[in-house]
1. Need the failing condition index for residue 64 against (1) at pLDDT below 95; (2) within 30 Å of residue 371 (Cβ to Cβ), just the number.
2. Only one of 110, 125, 44, 114 is farther than 20 Å from residue 280 by Cβ and under 18 Å from the mean Cα position of the chain (by Cα); which?
3. Check whether at least one residue in the stretch 179-187 is in contact (Cβ under 8 Å) with a residue 12 or more places away in the chain, surrounded by fewer than 21 Cβ atoms within 10 Å (Cβ to Cβ) and in the same structural domain as residue 126 (by TED's automatic domain parsing), and report yes or no.
4. Just the residues that are surrounded by fewer than 16 Cβ atoms within 10 Å (Cβ to Cβ), in a loop (DSSP other than H, G, I, E, B) and at pLDDT 95 or above, please, taken from the stretch 196-244.
5. Only one of (1) without any contact (Cβ under 8 Å) to a residue 60 or more places away in the chain; (2) assigned by TED's automatic domain parsing to the domain that holds residue 295 fails for residue 136. Which number is that?
6. Answer yes or no as to whether residue 352 is part of a helix (DSSP H, G or I) and touching a strand residue (DSSP E or B) at 6+ places or on another chain (Cβ under 7 Å).
7. Just to be sure I understand, how many residues within the stretch 275-290 are within 22 Å of the chain's Cα centre (by Cα) and modelled with pLDDT of 95 or more?
């Protein structure tokens, strides 16, 4: 039999293709599809489109069309990113442009870091549920294994973080080959933030076993303003690095690396620009630079620089938060009215909800989501996030859509949830 792809890529496709098929639009003329399965934030596209156009018009020159000479990426973009992080992420030590390496999107940040930290056959541990898109960036080119630390329940995943990590580490076949942990904070798909205590314990855990901590902070500042109990505000790992009030060092700072991009908060996925922030590990920065060298477009760099340097940035983030909050309220009103279980969101673009309230099997779940598809609503099935194998009917529902779209989606969902 002829093999169309390599063995290396076949393994990755085996995990990804079913997810792509699940997210494909329904066939037939029954409905215009509302896609709530993606991770696209379109709430401030109107303002951003004008800002992007102005950035190109005002800053494009002949030098922009040349290769970027600087190691680590465009200096202007890195300087703007440093200022942004210092203003909004409250780092314990000031972030400088030299601490930052640009990459063509956050996915390549993850891949370059894993490639730099791990040898082939090593493993990384990721608290579950987690974004299934991690798989190709970790398992294909770096050829590193993913070990999922699955919590006992969804509702207490944050409280059980360190105990789950420790149990998973101890149960691993070769724990000595676990070299890093990836923490998504705010969480995808839960849109919740880890507490300061939880983050501190996580950092101590990584220090104990000499693990690199990769903190994926893409969804930071997409704040959902509610009065629900047990809310935790976003706390960046950068802010806990060297607090003078600590009686002990939480973690060797050379083990900590933060990933951020403009794709989620600002909805600029098409720019393909992300960054690694590693304040105390120049070797990692050099390695990431080599692995991603010249991958970021000059046009993306000058556009992001203009947006992050704009005096209107704080107002833009405020509008973004207001619109996410309005959409969130629309969905949660439906869920409460129909007694649909969901995790209260705090920061991010989604709600994780048990849309199939009485579903007890994978077959019932597949049929339920197919019915949603036929009604013209796409959501991202919870089974694709390496979550609890005993839970069915959960879905990640995108809420970063205009209020009118949210209202129409709610109408369609109400016809399917009983």
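1. Every listed condition holds for residue 64 apart from (2).
2. Numbers: 110 fails: farther than 20 Å from residue 280 by Cβ; 44 fails: under 18 Å from the mean Cα position of the chain (by Cα); 114 fails: farther than 20 Å from residue 280 by Cβ.
Unique residue meeting the criteria: 125.
3. Checked the stretch 179-187: at least one residue is in contact (Cβ under 8 Å) with a residue 12 or more places away in the chain, surrounded by fewer than 21 Cβ atoms within 10 Å (Cβ to Cβ) and in the same structural domain as residue 126 (by TED's automatic domain parsing).
4. Of everything in the stretch 196-244, just one residue is surrounded by fewer than 16 Cβ atoms within 10 Å (Cβ to Cβ), in a loop (DSSP other than H, G, I, E, B) and at pLDDT 95 or above, namely 210.
5. Here residue 136 clears every test but (1).
6. Working: part of a helix (DSSP H, G or I): no; touching a strand residue (DSSP E or B) at 6+ places or on another chain (Cβ under 7 Å): yes.
Answer is no for this residue.
7. Our first condition is that a residue be within 22 Å of the chain's Cα centre (by Cα); within the stretch 275-290, this holds for 275-279, 284-285, 288-289.
Retained after the next criterion (residues that are modelled with pLDDT of 95 or more): 275-279, 284-285, 288.
Residues in the stretch 275-290 being within 22 Å of the chain's Cα centre (by Cα) and modelled with pLDDT of 95 or more: 8 in total.
Here's the yes/no breakdown for (1) under 26 Å from residue 254 (Cβ atoms); (2) in contact with a helix residue (DSSP H, G or I) (Cβ under 7 Å, 6 or more places away or on another chain):
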| residue | (1), (2) |
| --- | --- |
| 136 | no, yes |
| 146 | yes, yes |
| 162 | yes, yes |
| 172 | yes, no |
| 180 | yes, yes |
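The values are calculated or read from the model by the stated rules, or taken from the named source; none is laboratory data. What you see is a predicted model; the values in this text were computed from it and never measured. Positions of Cβ are backbone-derived with ideal geometry, glycine not excepted, and every protein chain shown enters the neighbour counts.
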